[in-house]
Amino acid sequence: MSESRDFNQDTIGQCWQIIEDFKKGCIQKGDTLLEIQSALQSAIAESEYLTQEDFKTGFQHFLKLLDHASRDEGFQPQGQESALRRVTEKKNIENSNLITPS
């Protein structure tokens, strides 16, 4: 039977903040995953008892949270929404300039 080992509260808080930054649109999903991976790996390197098996369990947990945040109904990170709106508005302006009265 394996002993239960947990990441320290600083690491858990850091991973939660990374997910919150994703929700705000500050970082993209791929970068979010890399930052969570980095935080967990750093905690393992500094720990005398955490192992790669603990990394796997911790990473899967935060991956599920991130996937859940991504699937929330109507969820679109604010930064991406603003960027999409700007591109759409630019295209509308460009298209309206192409239409000339006959």
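Before moving on, here are some points about what is shown:
- Screening Gln9 on (1) exposed (fewer than 12 other Cβ atoms within 10 Å of the Cβ); (2) at positive phi shows it passes everything except condition (2).
- For beta carbons closer than 8 Å, sequence separation of 6+ or different chains, a first residue in the range 31-53 that is outside any helix (DSSP H, G or I) and a second that is of a type in the set (A, V, I, L, M), the qualifying pairs are Leu50/Ala43; Leu50/Ile44; Thr51/Ile44.
- Of all the listed residues (Glu53, Glu35, Glu46), the sole one being modelled with pLDDT of 90 or more, among the acidic types (Asp, Glu) and touching a helix residue (DSSP H, G or I) at 6+ places or on another chain (Cβ under 6 Å) is Glu35.
- Residue under evaluation Thr88, criteria (1) at pLDDT 90 or above; (2) open to solvent by less than 70 Å² (accessible area, probe 1.4 Å), criterion not met: (1)
The values are calculated or read from the model by the stated rules, or taken from the named source; none is laboratory data. Note that this is a predicted model, so its numbers are computed, not measured. No Cβ is skipped: glycine too gets one built from the backbone with ideal geometry, and neighbour counts run over all protein chains shown. Just so you know, the surface numbers come from the protein's heavy atoms only, side chains and all, with ligands and any DNA or RNA stripped out. Shrake-Rupley method; radii C 1.70, N 1.55, O 1.52, S 1.80 Å.
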